[in-house]
Structure formats: structure tokens, C-alpha cells
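> Have a look at the structure that comes next, please.
Every number here is computed from the coordinates shown, using simple stated rules; none is lab data. The model shown is predicted, which means the values in this text are computed figures rather than measured ones. Methodologically, a virtual Cβ is constructed for each residue, glycine included, from the backbone with ideal geometry; neighbour enumeration extends over all protein chains shown.
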């Protein structure tokens, strides 16, 4: 059943900037959906429209089938975790968590139980009487999460909640958020520009660009089968090459002629392959490419190699070993089933 | 800390602290001493409680004390109450907000006596208020609005003059609250008034206290508004002090009133500031 739905939602700000255009998105109960895209793509605007902070210029928002487009945030069954945590600095950890239930006239006994349970779950029971400025960033984020969950909302909205944390803590809190979401079963809408966060946490990823949805799908789907050049380029690394169709299963590119598993659609603009799709060992046959290494960067588990051919500049591939130097020749094969075709323009 | 370092710190503080101590300290010292019979302009310098006794027994003094306290409390609280919604409104810039903000702060640049004079012209028999009342038919003839017994004129002038000052302090404090904190409160179910009571007011309490203290002190010691627009049946402390000095040359009694005014300013403003914090704290526990 649909928990939250946007129907033909667009948002034009007073200065004429169109932040969103005709957004149609349905999110099911208990689903973890990530809005992923670069800065300015409209993901936070859409989240704030879901929360009720912004009114859409056109279109409407439905929650559990009811139109909530004009309902203010305090009247919606949503709770938000903010990028800056937005904790109340004058209230203790426990008072912060209790704020929502108190505001919503939850009986005292139940409030205390909720606060105690949530603080225990986010491992902050010992910090209940501290002010937020005495906590680390990760702890503050957990308070913000507990504060949102204390409302028992059916939908929790996350606005880049991990962007202020360091890499290690980010991964830890990421797992905690996902764990709590599965435990409580709430619907989560998560905004991020970090593709690894989106891929690791989500049931579905909504990739956005320029106020529009580029693609919606499971993490594997958007990574393995990007539909547009933007999605291919934004999620992970992708090599994009203009191509000419020779026949249904053969295309010609600046890297050479390739046999493909699926014929390109009529609106396909680029051949796309991921750096890790390259297979090494074959020196001749179909789909084999040989070139000189123009640049290399050791990445630990693999080496990032760059090759350049006329018409195909700066193609990247992941070399499994470390022994390679600029100027060396590399030969690799692109399996037909690892070649995709995408539509759209390059950013 | 070595004595050399302590000496250096004292030497560095002397230009600022020294002036304060000498200028304010000496005035305070002389006023207190004069109230006890010293520094007499005429007669003997002897310790005496007589001046305190005479002043404290005077009905005029107790009325002046109550009146000044009333004006100061109303001016301080009223200015803060009026300034808050405007500060919140001006929190985020919008087209024309700078002009509005500048216009609202204009009274800060008008001397109190000039403001009183302008006010008297507006409410005079021939002033625009009476003209308007007669034009609308609410009155048949001009009515007396000057020096009203309820001191509404003085209260109006105090608010007109002090609200911009409170606004100046509160705008900065309100602007320092992030949008996300207010959005969070809203998201958690707090309506406009609850957002003010539970988030904005507690987070700006220091600015609020500063405004209350400074306005209270200024209004408690008001002379200019009172002598021009104030009621004639009661004197303010400052007015009474000058009256004692000018009319009878009672410098010692005037000093008693002066010291009492300082005590009123100190304790009144402190009580107001503590009360503000206490109310907000208990409001948060709700």
C-alpha cells in the first residue's frame, strides 16, 4: 500500500527558479527510498514538500491516500532528521526526545517509556541529561533520530543526515539507521548526494537531476542498468561512448567494433561500460581493446587505469593488480552482456 | 600568576576600568555620602539619617517610586513584547525589509526631548489627533490629551523610544536561530506560539534580559518625557530629585532620591531579568 505519493508535483521559487518539474513518485509502507542527485537537483525541495515546509507550485501530495498538500508540517504524520541535526540547544537529550510527544499531548507515563526505550536503542541512555553541545556529531545525529522516532511517525524524512560525520562514523550510523528502520518498520525517505549511501541503504533509489527524476529502481538496477547517461555517470564510474549501429547486435565506436547482448533502443545515445566490466587475458577476438595506459592511480584492491584513443578520451578500467605503468600496453575484453546503451546527454 | 603579570594586566585595564571606577564610582560615592549628610553645599558635614528619614516618610517620594517603577516595568516589558514579533518577522530578509528595519530604528536617533515636543504637537488641542477625532465625529470639540493622569503619553513615548532598542538586540538573537531548529520544532508539532515559547524565547533569553535591564534602567530614571508629557499629579523619581534640589535647595534629600533611584534601577532590572528566565524555564517544563 502506498504510504506517500507525489502527483505531478512541481516547485517554482519566487525568483523563477524551477526546482522540481512534474514529479510523480509512489512510496510504499515500510520502504526505504533514497532521493539521490547532485546539489541543486531538487531532492531536498521534494523532501521538504513531503514534510510540508514547502507547498508545491502545482500537483499534490497524498499520505495514506489522503490529500495532505496544504497540511502544515505539524499536522502531518511525518518526522524529519535534519542535516545539521537541529537539536534544541537549550534542552537536554531526554528533553529533546520528549519534545514531540509532549507537544502531541502523549500521556506522561508513555512519554517516559518512549524516551527511555529510544535512548537505550540509540545507546545514549547515559547521556540523557547532557545538553546537545556536549555530544559528538554521531551522538547528536542519534538523538535527532530518536527525537524523530519518538513521534512514532509512519514516515521519517532524512535530509542528508550523515553529511557532517567522518567516513567511519558515517558507515556506523548508516547501519544504525537502516537497522532501526527495519526494526520499527517505518517508511524512510532519505536524501543524499552520496551514491554509496544510496546503494547500501535503499530498497529503491530515485536518481534526480535538474528537478526531474532520471530513473527509479533498486540499487542493483540503477547501477547495472542505468537508463540515462546522467545516471550512468553519477552512480559509480562509467565510460560513455557515442556509437553507430552496424546491425542489431553490432555497434561501431571509437574504441572499436563491439558485439552486444541487447540491441540499442532507437533513442539510445551512448554505449556505456563500467570500469570493472573489463576482462583481462584475451588478446584477440570480439570486443577486445588494446591501448596504451595514459594515467594510473593505485586504489588498493585495484588500479585505476586510464586509456585514451582518438574519439574515446579518458576511458577508465579497473586493473586487478598493481603492476602497471604509464606507457604500458593493456589489452582487455568487454563482454557483450556488460555493455549497455543509455539515452540522454552528458552533463 | 606572577606579580609582574598581575601588574601588567592591571596596567592594561586601567584606561578602561579606571575611567569607569573614577567617573561612576566617584558620582556614586558622593551621592551616597551626601544622602548621609556629607558633602554639604551649605552647613556642616555630619553623619545623619535625617535626610533618609524625611524622604522615606514623604508620600510624594513613595508615589514617585511607585510611578517610576511602573513606567520602567511597562516600558521594558512592553518594548520587548512589541519588538519580538517584529524581530521574528524581519528574521529573514525580504524585499523592503532593510528599509522597514531602518525606519523602525529611526526613533533611536531622535533625542527624547525632541520626541516629547513632537508628541505634544500631535496630541495638542490643535494637533492632528484632535483634528482627526473631530473630523470623524467622535468628538465635538478638541479634548485634552496632554499630561494625561494615566501616564499613557509617557508610556507611549517610552515604547516609541525603547522598542527600536529592544528590536536591535532581539533581531540579532532571533536571526542566530537556524531555520532547521525552527523547522524541527514545527515538524514535531509546535505551532507558532509554541515555537516562540519553547524555542525562540529560551534561545534569545540573554538578549531579552539585556533589553529588559537597559530599558528598565533608562525608563526608571526618565526626566525628559515626564516633565513634558507626564501627568502633573505625580512626579517621577528624577523629577522629584530635581524638584527637591531646585525648589528648596535640599541637596541631601535629592541625593537620597538619587541613591534610591539607583537602587530601584539595579534591583528592579535584576528582578525583571531573573523573572524572565524563571518564567521561560518553568514554561519549558510545562
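> Translational diffusion coefficient, Stokes-Einstein: compute it for the range B:50-285 using the Kirkwood radius over C-alpha pairs as Rh, at 25 °C and 0.890 mPa s, and state it as an integer in µm² s⁻¹.
The calculation lands on 124 µm²/s.
> While we're here: Rg (Å, one decimal) plus Dmax (Å, integer) for the alpha carbons of the range A:193-248?
Looking at the range A:193-248, its Cα Rg and Dmax stand at 12.5, 41 Å.
> Using 7 Å Cα-to-Cβ label points, what is the residue A:66/residue B:39 separation (nm, one decimal)?
7.2
> Please report Rg over Rh for the range A:237-342, where both radii come from the alpha carbon positions and Rh follows the Kirkwood definition.
My calculation of the ratio gives 0.96.
> Moving on to the next point. Based on the inverse mean of 1/r over its pairs of different Cα atoms, what is the Kirkwood hydrodynamic radius of the range A:1-144, in Å? Spell out each step's value before the answer.
Values: mean 1/r = 0.0585 Å⁻¹.
Every distinct Cα pair counted, the radius reaches 17.1 Å.
> Indicate, rounded to the nearest 5 percent, the antiparallel portion of the DSSP beta bridges found entirely in the protein assembly as shown.
On the way: 51 of 70 bridges.
Just about 75 percent of them are antiparallel.
> Percent relative contact order of chain A, based on C-alpha pairs within less than 8 angstrom and at least six residues apart? Write out the running numbers ahead of the final one.
Numbers: 719 pairs, mean separation 55.6, N = 347.
RCO, chain A: 16 percent.
> Treating the angle as unsigned and between 0 and 90°, give the value, to the nearest 10°, between the Cα long axis of helix A:137-149 and the longest Cα principal axis of chain A.
60
> May I pose another question? Rounded to whole Å and sorted largest first, what semi-axes of the equivalent ellipsoid does the C-alpha gyration tensor of the range A:126-285 yield via the square root of 5 times each eigenvalue? All intermediate terms of the calculation are to be shown ahead of the outcome.
Details: eigenvalues 366, 55, 31 Å².
In descending order the semi-axes read 43, 17, 12 Å.
> Sticking with this structure for a sec: Could you estimate the translational diffusion coefficient of chain A from the Stokes-Einstein equation, with Rh from the Kirkwood formula over C-alpha pairs, at 25 °C and 0.890 mPa s, in whole µm²/s? Walk me through the numbers before you get to the answer.
Details: Rh = 22.5 Å.
This corresponds to a translational diffusion coefficient of 109 µm²/s.
> If you average the alpha carbon positions of the range A:238-297 and of the range B:152-222, how far apart do those two centres end up, in angstrom?
Result: 66 Å between the Cα centres.
> Starting from the Kirkwood Rh over alpha-carbon pairs, what translational D in µm² s⁻¹ does the range A:71-147 have by Stokes-Einstein at 20 °C and 1.002 mPa s?
Numbers: Rh = 12.6 Å.
The diffusion coefficient I find is 170 µm²/s.
> Right, another one. Evaluate Rg over Rh across the range B:125-226, taking Cα atoms for both radii and Kirkwood's formula for Rh.
Numbers: Rg = 20.1 Å, Rh = 17.0 Å.
My calculation of the ratio gives 1.18.
> Give me the compactness ratio for the range A:101-144, meaning the Cα radius of gyration over 2.2 N^0.38 Å.
Values: Rg = 11.2 Å, N = 44, 2.2 N^0.38 = 9.3 Å.
Scaled against compact globular proteins, the figure is 1.21.
> As an exercise, take the mean of 1/r over every pair of distinct alpha carbons in the protein assembly as shown, invert it, and state the Kirkwood radius in angstroms.
31.1
> Quick one: helix A:93-103 against the long Cα principal axis of chain A, what's the angle to the nearest 10°, folded into 0 to 90?
The helix A:93-103 is inclined about 70 degrees to chain A.
> Sticking with this one: Can you give me the C-alpha center-to-center distance between the range A:160-210 and the range B:1-34, rounded to a whole angstrom?
60
> Between Rg and the Kirkwood Rh of the range A:64-216, both from Cα atoms, what is the Rg to Rh ratio?
Working: Rg = 15.8 Å, Rh = 16.3 Å.
Ratio of gyration radius to Kirkwood radius: 0.97.
> Let me ask something else. Kindly state, as a whole number, the per residue volume in cubic angstrom of the convex hull around the alpha carbon atoms of the range B:1-142. Could you put the intermediate results ahead of the total?
On the way: hull volume 43.0 nm³, N = 142.
Value for the range B:1-142: 303 Å³ per residue.
> Hey, what did chain B get for relative contact order, percent, Cα under 8 Å, at least 6 apart?
29
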